[in-house]
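Heads up, the thing below is written out as structure tokens.
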Amino acid sequence: MKRFIALALAALMSVAVLAGCGGSSESSKTESTASAGDVSQVTSSVDLNAVLDKLNSDNGIDMTKVDDVTKLKRYYQIAAEDVKQFAAENDKSDPNAPIEIVLIEAVDADAAGRVESALNTRYASVLNTYTSYTPDKVDMVKACKVTKDGNFVTLIIADNAEAMVKAFQASI
């Protein structure tokens, strides 16, 4: 009888050890993917509104938030169904020199391509506006750009945009 109990306990412990080693959670997949540097496979664990708030506080920016995904269509020609999450704001106090920060996580790679295209169109429009009405700030706009990292797409038009893009990329 003692042998049977010992054998049963040994089998139970073996199963417990194997069960503890066998599982693979989504967070461990995300961490291993992120550590490999492949941002395109990172799942959404970043809160874009929190990132935007940090960019604002770090750079002394206070603008009007775009608070509804449907406004992305009006301002940027981005379809709501392409957007998983977003954070955006703009300062239109000077219509000849708009400042904008747009952070978008698209639902998939195809949507990210469409978002990137729409933001590039917006960037070209802003550059044209600056060239026509605020030529002294054109160099600032030329230093800005649309970036795409996996499903994350950004448009940052502001002083210190390069540092803001780097801070955004570090957050994802």
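Values computed for the structure shown
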| item | result |
| --- | --- |
| Ranked list, fewest to most other Cβ atoms within 10 Å of each Cβ, for Glu81, Glu89, Glu162 | Glu81, Glu162, Glu89 |
| Normalised contact order of segment 46-171, rounded percent, pairs of Cα under 8 Å and 6 or more residues apart | 24 percent |
| Sorted by Cβ neighbour density within 10 Å, fewest at the top, the residues Asp159, Asp67 | Asp67, Asp159 |
| Inter-probe distance in nm under a simple model that places probes 7 Å from Cα toward Cβ, at Asp108 and Asp67 | 3.3 nm |
| Three-way shape call for segment 111-172 based on the alpha-carbon gyration tensor, with the a/c threshold at 1.5 | oblate |
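Read-outs: derived from the displayed coordinates by stated rules, not from any lab. All of these numbers come straight from a predicted model, not from anything done at the bench. Cβ: placed from backbone, ideal geometry, glycine included. Neighbour counts: every protein chain shown.
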